[in-house]
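All of the numbers you see were taken from the coordinates with simple rules; none came from a lab. All values reported here derive from a predicted model rather than from experimental measurement. All Cβ positions, even for glycine, are placed from backbone atoms using ideal geometry, and neighbour counts span all protein chains on display.
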Amino acid sequence: MAGSLNKPSPPRWLLAELTYACPLQCPYCSNPIDYASINSELSTDDWKRVLKQSRDMGAVQLGFSGGEPLVRKDLSELISYSHDLGYYTNLITSGYNMDEAKILELKEAGLDHIQVSLQASSKELSDFIAGTESFEHKKNVAKLIKKHGYPMVLCVVLHRENIHQMKDILEMAIELGADFVELANTQYYGWAHHNRDQLMPTQQQLNNAETIANQYQASQKGNMKIYYVVPDYYEGRPKACMNGLGTTFLTIAPDGLALPCHSARQLPNFDCPNVNDFSIQDIWNESKAFNYFRGDDWMKEPCRSCKDKDKDFGGCHCQAFLLTGDAHNTDPVCSLSPLHHTVSDAITQAEQSSDQAFLFRNSKNSKLLNN
Amino acid sequence: MSLQSDKGIQLSPTYRLQWEEAQNMFVLLYPEGLVELNQSSAEILQLCKDDNTLSDIVSTLEQKFSSTGLEPDIINFLNTALDNGWITQ
């Protein structure tokens with residue numbers, strides 16, 4: 001096996017992507033571009049097996065996501081089962097199609113927390129980005145989530161078209177009673193990578209946004225926790241992606257593919273195993289995909305001799321693959337990467353406005369891109 | 001915001017303290033977050049309930065571990081916990 005001879009640390013986080021179906025069409029969706037060709041979905045019993053085996057190994061944080069997890073008819077049943085196993089259960093939802101009865105039903109099932117996303121602070125822009133009229137309904141859902149005593153994370157993905165609304169977004173979060181706000185600058189995988197030129201903010205936009213985020217972090221201390229996720233493109237240092245692949249996080253895709261990170265499906269020669277064929281224990285301990293980037297045997301220069309290699313683990317392998325064609329390369333957001341220009345060129349490019357329209361995330365476009 | 005010695009201390013309602021058999025440790029769980037606790041942190045957090053004040057926690061732990069002078073370390077940890085929003089008063 002690659003990496004060290006030590007037994008790997010157990011999975012602590014399980015991300016259950018229940019379905020790729022989603023009523024929204026956000027152009028920065030992290031789902032694979034070709035999701036429309038992935039039609040099979042695990043059954044309720046398959047998911048229960050995965051949940052049990054993962055819990056036995058040590059997973060304790062559980063995210064139900066997608067797509068839109070509310071599309072699955074068995075969501076309450078799976079939450080109830082997970083709650084009984086002792087998971088901390090998080091629902092990551094657009095809030096679309098959610099109503100008060102559903103919020104109560106999920107509470108009854110033992111759901112611990114709901115993360116709801118909004119696309120912007122104004123109806124017009126939010127509905128445009130979502131590709132579906134949803135803003136007013138989502139805001140109402142957020143209020144109902146708080147009414148029924150859930151802790152709530154409000155998530156807003158930031159990009160060129162909405163980052164100027166930072167102040168209004170934070171005021172909206174206060175109004176809705178969010179406990180945590182996640183201001184997540186777009187990461188460029190999946191659909192976001194395809195729409196990168198239209199999504200990337202300018203340096204000036206980012207500086208303004210960060211100043212406002214810092215002000216609110218100070219003024220809201222003790223009331224609302226604000227996470228501002230700095231975009232790695234502009235940082236010069238890579239992120240410690242997934243805390244190192246195969247150390248902490250386990251993602252199961254709708255079709256049962258087990259992934260050490262949710263975009264690893266695209267990595268060539270990675271041979272991600274499927275839970276229909278292997279137990280979680282075999283997958284985590286023995287599979288090629290989960291052992292591939294453990295330890296540092298795989299590293300090339302400049303990572304191999306870098307003093308930070310145990311801090312950032314070479315950064316994001318999916319990004320290295322997307323931008324340089326080789327997942328073993330140093331993540332090119334790192335200023336030490338010989339291919340760092342692939343990132344700095346994109347930043348320069350972002351100073352110009354793009355006249356390309358967004359390609360929205362939907363089945364029609366997915367099929368179009370896949371041909 | 002710093003610790004007030006005369007007030008009861010509770011775990012914040014959005015946080016959950018749980019023993020994890022597989023990892024052989026206590027963890028603190030909250031929305032999309034997980035803190036793995038060392039033994040002393042876990043001992044202190046387990047006492048953040050029932051309106052226990054700082055002095056209640058100090059005396060319980062000094063008795064339990066037959067030791068003295070734990071107060072400075074306990075105050076340090078509780079201030080960190082308060083700052084992180086893990087506990088309230």
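Figures for the structure shown
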{"item": "Protection-proxy order for peptides A:310-319, A:134-143, each taking the mean of Cβ atoms within 10 Å per residue, highest first", "result": "A:310-319, A:134-143"}
{"item": "Cβ neighbours within 10 Å from other chains - mean over A:153-160", "result": "1"}
{"item": "Within-10-Å neighbourhood charge of A:PHE313 [Cβ basis; K, R +1; D, E -1]", "result": "-1"}
{"item": "Antiparallel %, DSSP beta bridges [both residues in the protein assembly as shown], to 5", "result": "30 percent"}
{"item": "Using a Förster distance of 25 Å, the FRET efficiency for A:LYS167-A:GLU136 (Cβ separation, nearest 0.05)", "result": "0.75"}
{"item": "Dipole axis of the range A:229-371 (+1 Lys, Arg; -1 Asp, Glu on Cβ), positive-most option in A:PHE313, A:LEU257, A:GLY244", "result": "A:LEU257"}
{"item": "Ranking of A:PHE64, A:PHE290 by count of other Cβ atoms within 10 Å, fewest first", "result": "A:PHE64, A:PHE290"}
{"item": "Rg in Å to one decimal, and Dmax rounded to a whole Å, for the protein assembly as shown via C-alpha atoms", "result": "22.6, 72"}
{"item": "In sequence order, calculated HN-Hα J values of the range A:20-34 (Karplus, 6.51, -1.76, 1.60; Hz; x Gly/Pro)", "result": "8, 5, 7, x, 9, 10, 3, x, 10, 3, 8, 5, x, 4, 9"}
{"item": "Table column - 3J(HN,Hα) (Hz), the range A:121-127, Karplus curve with 6.51, -1.76, 1.60, x for Gly and Pro", "result": "9, 10, 4, 4, 6, 4, 5"}
{"item": "Magnitude of the charge dipole, chain A, Cβ model with Lys/Arg +1 and Asp/Glu -1, debye to 20", "result": "480 debye"}
{"item": "Percent antiparallel among DSSP beta bridges (both partners in the range A:163-287, rounded to 5)", "result": "40 percent"}
{"item": "Cysteines without a disulfide-compatible partner [the protein assembly as shown; Cβ-Cβ under 4.7 Å]", "result": "A:CYS22, A:CYS26, A:CYS29, A:CYS155, A:CYS261, A:CYS272, A:CYS303, A:CYS306, A:CYS318, A:CYS334, B:CYS48"}
{"item": "Kirkwood Rh (inverse of mean 1/r, distinct Cα pairs), the range A:124-279, angstrom", "result": "17.9 Å"}
{"item": "Per-peptide average of other Cβ atoms within 10 Å, ordering A:345-353, A:85-93 highest first", "result": "A:85-93, A:345-353"}
{"item": "The protein assembly as shown - mean residue ellipticity at 222 nm from DSSP helices (-39,500 (n - 2.57) per run, n ≥ 4, rounded to 500)", "result": "-10500 deg cm²/dmol"}
{"item": "Inter-chain Cβ neighbour average for residues B:31-38, partner chain, 10 Å", "result": "6"}
{"item": "Among B:58-66, A:171-179, the order from most to least packed when residues are scored by Cβ within 10 Å on average", "result": "A:171-179, B:58-66"}
{"item": "For chain A: relative contact order, % (alpha-carbon pairs under 8 angstrom, 6 or more apart)", "result": "22 percent"}
{"item": "A:MET152 long-range amide H proximity, modeled H, under 5 Å", "result": "A:ASP179, A:PHE180"}
{"item": "Total formal charge among the other residues, if their Cβ is under 12 angstrom from that of A:VAL343, Lys/Arg +1 and Asp/Glu -1", "result": "-2"}
{"item": "Sum of side-chain charges, A:ILE92 neighbourhood, beta-carbon under 10 Å (Lys, Arg +1; Asp, Glu -1)", "result": "-3"}
{"item": "29 Å Cα-Cα threshold exceeded, pairs from A:LYS288/A:LYS309; A:LYS138/A:LYS311; B:LYS7/B:LYS64; A:LYS123/A:LYS239", "result": "A:LYS138/A:LYS311; A:LYS123/A:LYS239"}
{"item": "In sequence order, calculated HN-Hα J values of the range A:290-307 (Karplus, 6.51, -1.76, 1.60; Hz; x Gly/Pro)", "result": "7, 8, 3, 10, 6, x, 10, 4, 6, 5, 9, 6, x, 5, 3, 9, 7, 5"}
{"item": "Burial ordering of A:MET299, B:MET25, A:MET98, fewest other beta-carbon atoms within 10 Å first", "result": "B:MET25, A:MET299, A:MET98"}
{"item": "Shielding score for B:16-27, defined as the mean number of other chain Cβ atoms within 10 Å", "result": "3"}
{"item": "Gap separating the Cα centres of the range A:11-40 and the range A:322-371, nearest whole Å", "result": "19 Å"}
